[in-house]
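The values are calculated or read from the model by the stated rules, or taken from the named source; none is laboratory data. All of these numbers come straight from a predicted model, not from anything done at the bench. Note that each Cβ is placed from the backbone with ideal geometry, even for glycine, and that neighbours are counted across all protein chains shown. Only protein heavy atoms, including side chains, enter the accessible area calculation; ligands, DNA and RNA are left aside. Shrake-Rupley method; radii C 1.70, N 1.55, O 1.52, S 1.80 Å.
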Amino acid sequence: MTDPVAARPSEVRGGSVRRGRPGVLLLGGTGEARELAAALVADGVDVVSSLAGRLADPRLPDGDVRVGGFGGVEGLAAWLREHRPGAVVDATHPFAAGMTANAARACTATGTRLLRLQRPGWTAGPGDDWRWADSLADAAGMVHGTVFLTTGRQGVGAFAGLPGRVLVRCVDPPTDPLPAGAVLLLARGPFTVDDELALMREHAVDVVVTKDSGGHMTAAKLVAARELGIPVVLVRRPPIPDGVLVVASVQEALACL
Ligand code: NAP
């Protein structure tokens with residue numbers, strides 16, 4: 001595991017860059033990205049994982065790590081020209097649409113192979129009461145009563161005008177303005193169904209709001225909402241740029257690489 005204390009923005013640490021070109025630039029910030037980094041490093045591949053630097057205390061992947069934005073498409077293209085990785089794997093969160101768009105454009109511009117690793121979205125089952133929203137603002141217009149907001153710290157401002165109680169759960173405190181009746185819960189998943197049931201009962205939650213992040217790490221709230229008969233508002237995912245090769249699992253990504 002790399003030493004987090006030594007990490008500074010835009011710095012690559014460890015052996016791969018000194019030795020020459022990294023095999024894979026892994027755009028991360030997700031559990032899948034950490035899993036893939038661990039598997040590649042175990043296979044002897046030189047990996048540089050890139051983190052945006054949003055969290056104060058991120059979970060660091062195996063292998064080398066750089067932290068901070070590249071400086072748009074041009075910055076990423078310059079990084080790719082300098083370091084010449086064999087491939088870029090964009091394993092960012094399904095809602096990190098800006099980074100995904102930049103990766104597609106920079107890889108096209110530099111002729112770098114690009115793979116998008118994106119977990120499947122969630123699918124409603126019997127007993128689920130799900131309502132789809134096109135954006136966070138759209139979701140804010142669909143809810144009332146005591147709202148359990150689990151969309152992360154970015155974009156919380158879209159809910160600032162809600163009049164009722166809003167449980168805002170995120171890893172680090174949001175910088176956006178919060179609703180007047182906000183209760184801030186700082187916590188990092190995964191959460192168990194029992195935890196989610198207890199929380200929703202304690203706060204008498206009327207509706208859950210989430211992004212369609214997919215995956216098992218944060219799915220317990222959906223099970224708890226179903227058990228309690230509570231509706232869930234899900235924000236739809238942004239589209240993936242045309243022409244990008246997409247895989248849905250770490251195993252598929254390893255097979256492609
Ligand atoms: P975003 O809106 O798509 O990206 C905005 C800018 O942040 C990018 O243009 C890039 O800056 C920088 N950036 C984003 N991901 C980066 C990465 N992995 N390495 C280096 N720079 C990165 O991204 P976001 O939604 O703010 O998400 C930021 C990070 O948090 C992502 O790595 C994502 O995987 C993770 N995350 C996001 C969410 C979510 O709901 N959005 C949830 C969980 C985790 P430059 O243009 O300067 O290169």
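Our helix-only sum for the chain, with -39,500 (n - 2.57) per DSSP H run of n ≥ 4 divided by its residues, gives a mean residue ellipticity at 222 nm of -8000 deg cm²/dmol. In percent, rounded to a whole number, the relative contact order of the chain is 19, using alpha-carbon pairs under 8 Å and six or more apart. Farthest towards the positive end of the charge dipole of the chain, among the residues Ala158, Val48, Ala224, is the Cα of Val48, using unit charges on the Cβ of Lys, Arg, Asp and Glu. Ordering 88-97, 216-225, 175-184 by mean Cβ neighbour count within 10 Å, with the highest value first, yields 88-97, 216-225, 175-184. Within the accessible area of the chain, the carbon and sulfur atoms contribute 53%, probe 1.4 Å, all protein chains present. In terms of Cα atoms, the Rg and Dmax of the stretch 186-234 work out to 10.0, 26 Å. Ranking Glu196, Glu32 from most to least accessible surface, computed with a 1.4 Å probe over the protein chains only, gives Glu32, Glu196. From the largest down, the chain spans 56, 36, 31 angstrom on the principal axes of its Cα atoms. In the full protein context, the chain carries 46 Å² of accessible surface per residue, based on a 1.4 Å probe and ignoring ligands, DNA and RNA.
Cys107 sits among other residues whose Cβ lies under 9 Å from its own Cβ, and their net charge, with Lys and Arg +1 and Asp and Glu -1, is +1. Distances between placed amide hydrogens fall under 5 Å for Asp64 paired with Val47, Ser49, all partners being 5 or more residues away or on another chain. Taking only alpha carbon atoms, the stretch 130-235 gives an Rg to Rh ratio of 0.91, where Rh is the Kirkwood radius.
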